[in-house]
Amino acid sequence: DTEVTQTPKHLVMGMTNKKSLKCEQHMGHRAMYWYKQKAKKPPELMFVYSYEKLSINESVPSRFSPECPNSSLLNLHLHALQPEDSALYLCASRLPGQGATNYGYTFGSGTRLTVV
Amino acid sequence: AQSVTQPDIHITVSEGASLELRCNYSYGATPYLFWYVQSPGQGLQLLLKYFSGDTLVQGIKGFEAEFKRSQSSFNLRKPSVHWSDAAEYFCAVGKAAGNKLTFGGGTRVLVKP
């Protein structure tokens, strides 16, 4: 299995809703990432988990709450979002470490989130 | 801090013609460089990557890229484009010992019949 699977593919939620995005990989990658991508813009890093521990939080608002329950699964919990949070949310994974052969990110297809 | 610049926001090319996308990076040491392609509404697919060694890198879908340290560039090329190459292309740089991947602004490629 060489894929990063993200569910759902599309999500519409109200500003008072609570929802979660899910990301799963079975490649043995121990670094997992959440990126946010607005239309016609490059992806922006939100969070990094390394060996199931949060290692980078790019000053993301607390209405986004990441969780890494195990080495294969990454969640992004959403609560009280704003319309400007509508975007494509991408998950990625890679083998951590300094070796060049390990330095390959695999991206999922993303969840298209619309906040109404 | 590392940064990536893609000078061309849009490029239109005729099917069968050659394509070159420019990428300039700013980084203090030898960077890890990547090119990704993104079709509308899709995730990112890795085309190729450069870490060290031969400065001409071959990738998937007939793409290649050349690393030029003196120009801080990593330009992507394809000799003959197909209509399916219409997409957004992102150049990215990563640190050798870090977790962050920094993307350029992207270049949108349109292919004319």
- Query: Taking the DSSP beta bridges in chain A as the whole, what percent of them are antiparallel, to the nearest 5?
  - Reply: 90
- Query: Dipole size in debye (nearest 20) for chain A around its Cα centre, Lys and Arg Cβ +1, Asp and Glu Cβ -1?
  - Reply: 260
- Note on the structure: For the pair B:ARG77 and A:GLU84, the simple spin-label estimate (label points 7 Å beyond Cα toward Cβ) gives in nm 4.3
- 5 Å-binned pair-distance histogram of the protein assembly as shown (Cα, whole percent): 1, 7, 14, 18, 19, 16, 12, 8, 4, 1, 0
- Among B:GLY94, B:GLY53, B:GLY16, whose mean-square fluctuation peaks in a Gaussian network model of chain B (Cα, cutoff 10 Å)? B:GLY53
- Item | Compactness relative to 2.2 N^0.38 Å, alpha carbon Rg of chain B | 1.01
- Task: Using the Karplus curve 6.51 cos²θ - 1.76 cosθ + 1.60 with θ = phi - 60°, work out ³J(HN,Hα) for each residue of the range A:78-89 in order, rounded to whole Hz, and write x for Gly and Pro.
- Result: 10, 8, 6, 6, 10, x, 6, 7, 4, 5, 8, 9
- Task: Counting other Cβ atoms within 10 Å, keep those with at most 15, restrict to DSSP loop, and tell me which GluC sites (Glu not before Pro) in the range B:9-75 are left.
- Result: B:GLU15
- Note on the structure: For chain A, averaging the sequence separation of alpha carbon pairs under 8 Å that lie six or more residues apart and dividing by its residue count, the contact order in percent is 36
- Which Cys residues of the protein assembly as shown have no other Cys Cβ less than 4.7 Å away and so no disulfide-compatible partner by this rule? A:CYS68
- Which one of A:HIS10, A:TYR51, A:CYS23 is farthest out on the positive end of the charge dipole of chain A, using unit charges on Cβ (Lys, Arg +1; Asp, Glu -1) and the Cα centre as origin? A:HIS10
- List, in order, the whole-Hz ³J(HN,Hα) value for each residue of the range B:10-26 obtained from phi through the Karplus relation with A = 6.51, B = -1.76, C = 1.60 and θ = phi - 60°; use x for Gly and Pro. 10, 9, 10, 9, 7, 4, x, 7, 7, 9, 9, 10, 9, 8, 10, 10, 10
- Item | Sites B:LYS112 and A:LYS40 - FRET efficiency at Förster radius 22 Å, r taken between beta-carbons, to 0.05 | 0.60
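No lab work stands behind these numbers, since they all come straight from the coordinates. Here the structure is a predicted model, which means the values were calculated and not measured. All Cβ positions, glycine included, derive from the backbone under ideal geometry; neighbour counts span all protein chains shown.
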